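Taking it in order: structure first as structure tokens, then the write-up.
The values are calculated or read from the model by the stated rules, or taken from the named source; none is laboratory data. Bear in mind the structure is a predicted one, so any value in this text is a computation, not a measurement. Here the Cβ positions follow ideal geometry from the backbone for every residue, glycine too, while neighbour counts run over all protein chains shown. Surface accessibility is based on the protein's heavy atoms, side chains included, excluding ligands, DNA and RNA. Shrake-Rupley method; radii C 1.70, N 1.55, O 1.52, S 1.80 Å.
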Amino acid sequence: MFLQRPWAWLQNEITTRARNFILKVLAAGPIPRHVAFVMDGNRRYARMHHKAVQQGHSDGFVALRRMLEACLRLNVRCVSAYAFSIENFKRSEEEVNALMAMAEEKLVELCGHGDLLDEYGVRLNVIGKQELLPASVQAAVAKAEGMTAHNTRAIFNLCMPYTSRDEITTAVQKCVRESKDCCISEKDIDAALMTSLGGSPPLDILVRTSGVKRLSDFLLWQCCEDTQLQFSSTYWPDFGLFDFIPIILDYQRKVWSKSR
Ligand code: FPP
Ligand code: MG
């Protein structure tokens with residue numbers, strides 16, 4: 001036991017240094033402005049590892065922190081993550097309550113002094129139909145957003161409870177309400193979308209994990225002609241830098257081939 005500890009420390013140190021070196025090398029090339037994650041596969045991961053569903057979601061949160069930090073180190077300006085679809089309210093009460101409790105606890109923690117969002121100057125936007133969230137979660141969201149509202153270096157859009165059709169419908173309704181001549185342009189809708197908060201740049205990469213190839217009503221307006229869609233077979237809680245590197249390299253190859 002005593003002898004094992006220095007090896008564990010050394011192994012950890014080497015992994016951290018290797019990871020930082022790789023991120024530095026990658027950051028020297030073209031970097032996507034906006035990366036979005038459909039964090040899928042938490043329950044299958046839990047089943048595979050004989051863990052409770054809640055543990056799957058909790059490990060999923062650890063993966064979210066990991067990928068958020070990797071993106072921030074790469075100087076990605078905006079990260080969006082699909083944490084809870086409006087459709088997810090149809091899941092069991094136990095699972096929904098566990099996800100809500102996690103949001104209530106983790107959001108304020110993530111925005112706290114010295115924590116990830118504070119360290120990298122990130123503004124948190126919780127995007128979606130917030131009125132569907134329990135009052136205690138709405139209060140935590142307001143507190144967490146308030147703690148980072150002054151940050152301007154990067155944006156983190158946590159989408160919950162969200163669907164793209166709801167976002168687009170809400171944006172169109174807002175445009176109709178505010179329009180004087182009923183002439184609504186693409187630009188007006190763009191500006192009324194929830195992702196316009198803080199000015200999210202165009203979506204360059206959308207990643208969905210767990211081998212499922214669907215968009216599931218996520219950022220449908222934002223997925224444009226140039227968005228690179230990436231489907232990874234890894235379950236979200238296991239998703240890490242080594243799944244992400246080939247995705248970034250693909251993006252860099254595409255940018256370099258266009259500029260030739
Ligand atoms: C999809 O996997 C995942 C979710 C519905 C929840 C994702 C949420 C997190 C990773 C944490 C979010 C962070 C906060 C602060 C709330 P699934 O449940 O559909 O799994 P399956 O595809 O294997 O069934
Ligand atoms: Mg799923």
message = Give me, ordered by chain and number, the residues 5 or more places off VAL126 or on other chains with an amide H under 5 Å from its own placed amide H.
response = LEU158
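What is the stretch 1-107 by shape, rounded, prolate or oblate, if you read a ≥ b ≥ c off the alpha carbon gyration tensor as root eigenvalues and call it rounded for a/c under 1.5, prolate for a/b larger than b/c, and oblate otherwise? Walk me through the numbers on the way to the answer.
Working: a/c = 2.79, a/b = 1.28, b/c = 2.18.
Judged from the Cα gyration tensor, the stretch 1-107 comes out oblate (a/c at least 1.5, b/c at or above a/b).
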Extent along principal axes [Cα atoms of the chain; Å; largest to smallest] = 75, 54, 37
Listed residues SER164, SER85, SER196, most fluctuating in the chain (Gaussian network, C-alpha, under 10 Å) = SER196
ask   = What ranking of GLU69, GLU105 comes out by heavy-atom accessible area, probe 1.4 Å, highest first?
value = GLU105, GLU69
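Of all the C-alpha pairs in the stretch 185-260, what % are more than 14 Å from each other?
Details: 1963 of 2850 pairs.
Summing the P(r) tail past 14 Å for the stretch 185-260 gives 69 percent.
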ask   = Can you run phi through the Karplus equation (6.51, -1.76, 1.60; θ = phi - 60°) for the stretch 246-260 and list ³J(HN,Hα) in whole Hz, with x for Gly and Pro?
value = x, 5, 5, 4, 4, 4, 5, 4, 4, 5, 5, 5, 6, 7, 7
task = State to the nearest 20 debye the size of the charge dipole of the stretch 1-94 about its Cα centre, where the only charges are +1 on K and R beta carbons and -1 on D and E beta carbons.
result = 240 debye
query = Å³ per residue of the Cα convex hull, for the stretch 113-164?
reply = 73 Å³
ask   = Using the Cα gyration tensor of the stretch 73-116, with a ≥ b ≥ c the square roots of its eigenvalues, what is the shape: rounded (a/c below 1.5), prolate (a/b larger than b/c) or oblate (neither)?
value = oblate
request  = Report TRP221's accessible area, 1.4 Å probe, all protein chains in place, as a number in Å² to the nearest 10.
outcome  = 80 Å²
note = Sorted list, accessible surface of protein heavy atoms, 1.4 Å probe, largest first, for ASP190, ASP181, ASP40 is ASP181, ASP190, ASP40
ask   = When the chain is modelled as a GNM with alpha-carbon springs shorter than 10 Å, which of ALA171, ALA36, ALA154 fluctuates the most?
value = ALA171
ask   = Is the shape of the stretch 71-179 best called rounded, prolate or oblate, per the rule: a/c under 1.5 gives rounded, else a/b larger than b/c gives prolate, else oblate, with a ≥ b ≥ c the square roots of the Cα gyration tensor eigenvalues?
value = oblate
task = May I ask you to rank TYR235, TYR120 by accessible area, largest first, using a 1.4 Å probe over the protein chains only?
result = TYR235, TYR120
inquiry  = For the stretch 75-94 and the stretch 160-217, what is the centre-to-centre distance using only Cα atoms, to the nearest Å?
reply    = 15 Å
ask   = Charges only on Cβ, +1 for Lys and Arg, -1 for Asp and Glu: so what's the dipole of the chain about the Cα centre, in debye to the nearest 20?
value = 820 debye
task = Mind checking which lysines have their Cα closer than 19 Å to the Cα of LYS174? Skip sequence neighbours fewer than 8 apart in that chain.
result = LYS129, LYS187
query = What is the set of long-range amide H partners of THR234 at a cut-off below 5 Å, with H atoms built 1.01 Å from backbone N?
reply = SER210, GLY211
message = Testing the spin-label approximation: label points 7 Å from Cα along Cα→Cβ at GLU178 and PHE231. State their distance in nm.
response = 3.7 nm
request  = Using the Cα centre as the reference, give the magnitude of the dipole from point charges on the C-beta atoms of the stretch 65-169 (Lys, Arg: +1; Asp, Glu: -1; all else neutral), rounded to the nearest 20 debye.
outcome  = 420 debye
Gaussian network model of the chain, springs between alpha carbon atoms under 10 Å - residue of ILE205, ILE247, ILE189 with greatest fluctuation = ILE189
message = Taking all protein chains in place and a 1.4 Å probe, what share, in percent, of the accessible surface of the chain do carbon and sulfur account for?
response = 55 percent
